[in-house]
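Here's the structure, in structure tokens; my notes come after.
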Number of protein chains: 2
Amino acid sequence: MNDRLTAIYRVRSDAQSIEARAQAIAVEQSIEMPVTAVDDPIVLRDIVGAVEAIEDRGDGSFTVRLGLAVATTGPEVGQLMNMLFGNTSMHDDVTLEDVAFPPDMLAQFGGPRIGLAGLRIRAGAQERAMTCTALKPQGLPSSGLAAIASRFALGGIDFIKDDHGLANQRYSPFAERVRACADAVANACRMTGRVTRYLPSLSGNLDQLRDQIRISIEAELDCVLIAPMIVGLPSLLALRHEYPDIAIMSHPALAGAARIAPPLLLGKLFRLFGVDATVFPNHGGRFSYSPATCRALADQARAPWPGIAACVPVPAGGMTTDRVPEMLDFYGRDVMLLIGGGLLAARERLTAETAAFQTSVENYDYR
Amino acid sequence: MNDRLTAIYRVRSDAQSIEARAQAIAVEQSIEMPVTAVDDPIVLRDIVGAVEAIEDRGDGSFTVRLGLAVATTGPEVGQLMNMLFGNTSMHDDVTLEDVAFPPDMLAQFGGPRIGLAGLRIRAGAQERAMTCTALKPQGLPSSGLAAIASRFALGGIDFIKDDHGLANQRYSPFAERVRACADAVANACRMTGRVTRYLPSLSGNLDQLRDQIRISIEAELDCVLIAPMIVGLPSLLALRHEYPDIAIMSHPALAGAARIAPPLLLGKLFRLFGVDATVFPNHGGRFSYSPATCRALADQARAPWPGIAACVPVPAGGMTTDRVPEMLDFYGRDVMLLIGGGLLAARERLTAETAAFQTSVENYDYR
């Protein structure tokens, strides 16, 4: 058999129907036409999806492993997603749970260029977890955002990312905002003697994204935030390829909850596609991911994977400083903790609260 | 109050919790931080999302109408989606059901450039429904696909779209395939004296998409197929703007089933963003959309909308020729019926089966 990847689905079904259902998915995700109407022996042998295994999960659902021809996937990231889940995303009895890639595909996408190790160097945080906060609210003018960024930086935090809602709105246009915030953070760093990196949130089409990266580089920034499911994965891959020295943090906006397992999409796939740090909703916050989902997602992001650097898991979504020890117990040191609103809620004590967050992470006992 | 759009969500909740839940979504989809930590009066007045109405649906769910500031949405399509559903897409108790746009936003996006009326002209089908089929299976060489395209065209069909699985694979590279299929269809049209349009499937990043449109134009084509949720909506909008004479048919791959109501995403939003014809899974085929969902989707695509041309609904997904009268009873004449595998299953009778499909649509009594 030619090169195949293995796509792993969870399918709600009864025992009598599952074999036919698995076969139907194998056809849907490959040739999408009646197999009996195909004459070509190469298509039948090398292209039609193959059911490799079906396993009863004992809960009214089955794990179905399909072998899909690597040749059908492009090579292009959008087409890969198309073959993995294009039409089947519209079947609400199926979720995409995992993918096993042959080595050649890993090399083709290549994973993070900066990754955990590179971000540690940029943050000057070799032996500890990293910290991050979020710059908001949108609606403030650039000067207002820059003032908040300055106060975060004076607290000594490692990373300040734009709220993913900051785009190119007229109340804080991208170029103006990024220059103002980059300057404010740089000035604060000169006062503290510490390193804080500011990540602007990119948006728009590929031309606009390139323009925004150029503006970011001109402001001496080397990290950015992107929501891959909003800009589109093909744009992410293009930027990853064109700007290997720019670290990319991903935001999960529009990534949904139910149809592609979060550990796969936000952990494994984003990592494979080159994301250096992946933001996701931690358990116990404003979102409903379970501890098991968060654990699996962090594992997918940073577990050893031949030839693919580790991506930093960034749990977020309603976190607070008092949860730092518990989060570090849970994730260990290979993590970046993100607290946004939880710091901003301190209002006039913002810098002190940021410093307390930073100290709490630095002083944690990482045995 | 400043300009607002209204986003309409369906939220699973009990009656005691729904007000707080609605407020939480309004904050999540606007400033995404504690309102109590916001000082700026303009942000509080103009930017924070507003709960406009909550209505009990009587089934354990509520309709929640939020007013979201137009200023937060960009103006950019990705940022619009971000504000509509970015973070809330990760809450599995919420679906995005509908959006009401103020007139300025409609004008900004502009809707289809060709639309129903323009496609009717291109097909020479003023008084009847249009027909479409799908070129497959992938894995065939370009010559094999061109031979099938020729046989479809000899049957007199209006449109032949590439299977959405056809990308730039090495067994049928885009440029080679498109030239071969365009030539084959043009030759067949010279024999039949009829008009058949071939739509290549585009994929990749914006640079690659532009390159593929250029190749398509060189092959004298004026219609293409795009899967917006795979290439990313920002790329769709860029192409729509740059190539106003190219008709765009959308494919729903990766559009999911559960989190954004299909009538909204595949009908209303794709139409607003400029799609001329929208493919979706018809009821009673391989997918699970109900007749009510299909009806609502078709309505969203083609109902009168001031300043926005109609988009052609294209029901598909396991349709067969014997269903033509029933589908035309259901959708009326303002539709394009798509039968792919159902024609290919006729094998050596492919041209005859295609002609029978075409005749059935042409001879239907459209009173």
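Can you say whether residue A:240 is more than 9 Å from chain B (Cβ to nearest Cβ) and basic (Lys, Arg), as far as the supplied structure shows? Lay out the reasoning, then the answer.
Working: more than 9 Å from chain B (Cβ to nearest Cβ): yes; basic (Lys, Arg): yes.
Spelling it out, residue A:240 is indeed more than 9 Å from chain B (Cβ to nearest Cβ) and basic (Lys, Arg).
In the set (1) outside the structural domain of residue A:248 (by TED's automatic domain parsing); (2) assigned to a helix (DSSP H, G or I), residue A:120 fails one condition alone, (1). Counting only residues that are in contact with a strand residue (DSSP E or B) (Cβ under 6 Å, 6 or more places away or on another chain) and either over 12 Å from residue B:249 (Cα atoms) or of a type in the set (D, E, K, R) (or both), the range B:197-207 holds 1 of them.
Pairing each residue of the range A:108-122 that is farther than 16 Å from residue A:303 by Cα with any residue that is part of a helix (DSSP H, G or I), provided the two are 6+ apart or on different chains, yields C-beta distances under 6 Å for A:109/A:272. Would you mind stating whether residue A:207 is facing another protein chain (nearest Cβ under 9 Å) and either surrounded by fewer than 23 Cβ atoms within 10 Å (Cβ to Cβ) or among the hydroxyl-bearing types (Ser, Thr, Tyr) (or both)? Against the criterion (facing another protein chain (nearest Cβ under 9 Å) and either surrounded by fewer than 23 Cβ atoms within 10 Å (Cβ to Cβ) or among the hydroxyl-bearing types (Ser, Thr, Tyr) (or both)), residue A:207 qualifies. Which of the residues spanning the range A:301-327 are closer than 19 Å to residue A:120 by Cα, part of a helix (DSSP H, G or I) and not charged (D, E, K, R)? The answer is A:301, A:324, A:327. Going by what's in this entry, would residue B:96 be described as modelled with pLDDT of 95 or more, part of a strand (DSSP E or B) and farther than 18 Å from residue A:33 by Cα? Taking the combined requirement at face value, the residue does not satisfy it. Counting only residues that are surrounded by fewer than 22 Cβ atoms within 10 Å (Cβ to Cβ) and either under 20 Å from residue A:164 (Cα atoms) or outside the structural domain of residue A:330 (by TED's automatic domain parsing) (or both), the range A:288-306 holds 1 of them.
Within the option set A:195, A:224, A:185, being in a strand (DSSP E or B), away from chain B (no Cβ under 12 Å) and aliphatic (A, V, I, L, M) holds for one residue only, A:224. Which count do you get for residues in the range A:65-104 that are surrounded by fewer than 20 Cβ atoms within 10 Å (Cβ to Cβ), acidic (Asp, Glu) and facing another protein chain (nearest Cβ under 9 Å)? Selection size over the range A:65-104: 2. Go through (1) outside any loop (DSSP other than H, G, I, E, B); (2) more than 10 Å from chain A (Cβ to nearest Cβ); (3) over 21 Å from the mean Cα position of the chain (by Cα) one by one and return the number of the condition residue B:127 breaks. Looking at each condition in turn, residue B:127 falls short on (1).
Conditions (1) in the same structural domain as residue A:229 (by TED's automatic domain parsing); (2) under 22 Å from residue A:244 (Cα atoms); (3) buried (at least 23 other Cβ atoms within 10 Å of the Cβ), marked per residue:
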site	(1), (2), (3)
A:160	yes, yes, yes
A:184	yes, no, yes
A:187	yes, no, no
A:190	yes, no, no
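In the range B:243-256, of all residues being in a loop (DSSP other than H, G, I, E, B) and more than 7 Å from every other protein chain (Cβ to nearest Cβ), the one that is surrounded by the most Cβ atoms within 10 Å (Cβ to Cβ) corresponds to B:251. Within the range B:130-153, restricting attention to residues that are touching a residue at least 40 places away in the same chain (Cβ under 8 Å) and of a type in the set (S, T, N, Q), which residue is nearest to the other protein chains (Cβ to nearest Cβ)? Checking each candidate, the answer is B:133. Scanning the range A:172-188 for residues that are in contact with a strand residue (DSSP E or B) (Cβ under 7 Å, 6 or more places away or on another chain) and over 15 Å from residue A:221 (Cβ atoms) yields one hit, A:172.
Candidates B:301, B:316, B:296, B:292: the one that is of a type in the set (Gly, Ala, Ser) and over 14 Å from the mean Cα position of the chain (by Cα) is B:292. Within the range A:27-48, is there a residue that is among the polar types (S, T, N, Q), more than 8 Å from chain B (Cβ to nearest Cβ) and either outside any helix (DSSP H, G or I) or within 16 Å of residue A:4 (Cβ to Cβ) (or both)? Yes - at least one qualifying residue is present in the range A:27-48.
Scanning the range A:105-119 turns up no residue that is among the small types (Gly, Ala, Ser) and within 14 Å of chain B (Cβ to nearest Cβ).
Scanning the range A:340-367 for residues that are part of a loop (DSSP other than H, G, I, E, B) and away from chain B (no Cβ under 14 Å) yields a count of 4.
With respect to residue B:320, determine if the residue is surrounded by fewer than 17 Cβ atoms within 10 Å (Cβ to Cβ) and in the same structural domain as residue B:155 (by TED's automatic domain parsing). Yes; evaluated as a whole, the condition is true for this residue. I need the full set of residues from the range A:105-128 which are within 21 Å of residue A:155 (Cβ to Cβ) and buried (at least 24 other Cβ atoms within 10 Å of the Cβ), in order please. Result: A:119, single match.
Hey, among the residues in the range B:257-267 that are assigned to a helix (DSSP H, G or I) and either within 11 Å of chain A (Cβ to nearest Cβ) or within 14 Å of residue B:233 (Cα to Cα) (or both), which one's nearest to the chain's Cα centre (by Cα)?
Of all residues in the range B:257-267, those assigned to a helix (DSSP H, G or I) come to B:262-267.
Okay, now just the ones that are also either within 11 Å of chain A (Cβ to nearest Cβ) or within 14 Å of residue B:233 (Cα to Cα) (or both), so B:262, B:265-266.
On the way: B:262: 9, B:265: 7, B:266: 4 Å.
Here the answer is B:266.
For residue A:270, the stated conditions do not hold, so it cannot be described as surrounded by 23 or more Cβ atoms within 10 Å (Cβ to Cβ) and either within 14 Å of chain B (Cβ to nearest Cβ) or not in a helix (DSSP H, G or I) (or both).
Sort out which residues of the range A:328-339 are crowded, with 23+ Cβ neighbours inside 10 Å and not in a strand (DSSP E or B), and write them in order of number. Explain how you work it out, then say what you get.
Step one: of the range A:328-339, the residues crowded, with 23+ Cβ neighbours inside 10 Å are A:335-339.
Passing the criteria: A:335, A:339.
Screening the candidates B:286, B:295 for the property of being within 14 Å of another protein chain (Cβ to nearest Cβ) and of a type in the set (D, E, K, R) yields one hit, B:286.
The values are calculated or read from the model by the stated rules, or taken from the named source; none is laboratory data. What you are looking at is a predicted structure, and each value in this text was computed from that prediction instead of being measured. Neighbour counts are summed over all protein chains in view; Cβ atoms, including those assigned to glycine, are modelled from backbone coordinates with ideal geometry.
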